[in-house]
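Below you'll find the structure, written out as structure tokens, and then a few comments.
Nothing in this text is a laboratory measurement; each read-out follows from the coordinates by a stated rule. Since the structure is predicted, the reported quantities are computational estimates derived from the model, not experimental observations. Every residue, glycine among them, receives a Cβ derived from its backbone with ideal geometry; neighbour counts consider all protein chains shown.
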Amino acid sequence: MDKRSFLKGLALAGISASFRSDTLQDLISSAETIPAATLASDEDFWEGIRSHYLLKPDYINLENGYYNILPKPILEKYIEHIREVNYQGAYYMRTVQFDNKKNMATQVAQLVGCSTDELVLTRNTTESLDMIIAGYPWQPGDEAIMAEQDYGSMLEMFKQSAKRFGMVNKILSIPNHPANDDEIVQLYANAITPKTKLMMVPQMVNITGQILPVQKICDMAHSKGVEVMVDGAHAFAHIQFNLPDLHCDYYGASLHKWLSVPLGVGILYVRKEKIRKIWPLLAENDTLESIGRLNHIGTHPVHTDLAIADAVAYYLKLGPEKKEARLRYLQQYWTTKVRGVGKVRVNTPIQPERSCAIANVGIEGMKPGLLAETLLKQYKIYTVAIDGANVHGCRITPNVFTTTKELDVLVKALKELS
């Protein structure tokens, strides 16, 4: 079957039809000889991927950075897991629950190339990184470095730790359009003093989509005796990387974002030699050297953990390279059409390697909140307003199901409003 005929078959099946397990493989096979960079602009292929999603017709969803809705094959598996856990009840919870959770954590560890005894499942990035911040062995006068563009929940935990332990927070500001990697590395280097113990760095800035040179920052920090904690919430399963290659000490991410796991699962990575020094959020009867001591979260929706295997399988079948190429193509598609137009201001670096799906755009003289409201009411585009930390605009986050026709609506709206 040729690709176009296959896609027509998907369309005829309708959104209410259950998803056949082989349809994704058929679609991938139809394009297996096409390079990822070329396939990125193949609208027929991505229309087939779009058919895997049940999309609300009321608006164009360009706010996929918060939560990536599940494609139908993952959603159906997730519902099966809920039914099975409910069917087995306490028997499941007291027998295989913990082995299954370890198995899911192993699959995630293999996905990013780290050791299975350095990674555990949490509930989200905030829990993962707040555990490091609150559990760090702070002494009065110790310093931590972070950026005003970092995620608010972690900044609040640093503030609380300052009140609780007497440590000091030093906040810098990441430029929206850095000249090169050295500018970013030097920015963090300039903030370090002999009292600096820990530095928080976003792998991808959540409000602009800018990708930071994490490995270079970590190497610089380590040369000065400073540990690095990386917020990977928006990078995991969005851009390709091996976690050990980042050279960080601590790493947290949410799997409900770009891996499309149901809400309620995150990861925490801690380099093995660092595990002993962190106090867990909740007490656990485990050895000081075991990553398991940081993994007690009580009774929780374990069926969500089981969906990790389905999400990983879907991601690998689609292909990390194909996904990243498509996401970067979509962002570049619309940003190149509006950069320099009237009062439009793109708050994301122009270099393709410095961003992927996420970008931020504002209109000079127009409040971000009003821009977001206008985009929704007049153009049926849903996004989120960002107004602070030197970023004033709306975060635009397409997903693999987004079409260029939908982005054309955004481009038209921005040109008219500017």
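Return the inverse of the average 1/r over all pairs of distinct C-alpha atoms in region 79-313, which is the Kirkwood hydrodynamic radius, in Å to one decimal. Could you put the intermediate results ahead of the total?
Details: mean 1/r = 0.0546 Å⁻¹.
Taking every pair of different Cα atoms in region 79-313, averaging 1/r and inverting gives 18.3 Å.
If you place +1 on the Cβ of every Lys and Arg and -1 on the Cβ of every Asp and Glu, how big does the dipole about the Cα centre of region 79-313 come out, in debye to the nearest 20?
Numbers: 20 positive and 26 negative charges, 107 e Å.
Roughly 520 debye for region 79-313.
Of K257/K367; K102/K170; K257/K317; K216/K272, which pairs sit farther than 29 Å apart, going by alpha carbon to alpha carbon? Write down the numbers at each step before the final one.
Working: K257/K367 27 Å; K102/K170 37 Å; K257/K317 18 Å; K216/K272 21 Å.
Pairs exceeding 29 Å: K102/K170.
Only bridges with both residues in region 79-313 count here: give the DSSP antiparallel percent, nearest 5.
On the way: 10 of 26 bridges.
Taking every DSSP beta bridge with both residues in region 79-313, the antiparallel ones total about 40 percent.
Could you tell me which residue out of A105, L70, G48 lies farthest along the dipole of region 48-111 toward its positive end? Charges go on the beta carbon: Lys and Arg +1, Asp and Glu -1, centred on the Cα centre.
A105
Calculate the dipole size of the chain relative to its Cα centre from +1 charges on Lys and Arg beta carbons and -1 charges on Asp and Glu beta carbons; express the result in debye to the nearest 20. Provide the component values of the computation, followed by the final result.
Numbers: 45 positive and 46 negative charges, 136 e Å.
My answer is approximately 660 debye.
Which listed residue (M220, Q25, T335) has the Cα farthest towards the positive end of the charge dipole for the chain, taking +1 on Lys and Arg C-beta and -1 on Asp and Glu C-beta about the Cα centre?
In the chain, that residue is T335.
May I ask you to order 316-323, 332-339 by the average number of other C-beta atoms within 10 Å around their residues, highest value first?
Descending mean neighbour count gives 332-339, 316-323.
Using the 10 angstrom Cβ neighbour count as an exposure proxy, how do W279, W258 rank, fewest first?
Details: W279 13, W258 29.
With the fewest neighbours first, W279, W258 line up as W279, W258.
GNM on the chain, C-alpha springs below 10 Å: top fluctuator among K56, K224, K159?
Sorting by GNM fluctuation, first place goes to K56.
Quick one: compute the contact order of the chain, relative version, from alpha carbon pairs under 8 angstrom and 6+ residues apart, as a percent. The partial results should precede the final answer.
Details: 766 pairs, mean separation 88.7, N = 418.
RCO, the chain: 21 percent.
Of G209, I381, Q351, which is farthest along the charge dipole of the chain in the positive direction, counting Lys and Arg as +1 and Asp and Glu as -1 at C-beta?
I381
Considering the Cα positions of region 90-136, please state its Rg to one decimal place and its Dmax as a whole number of Å.
12.8, 37
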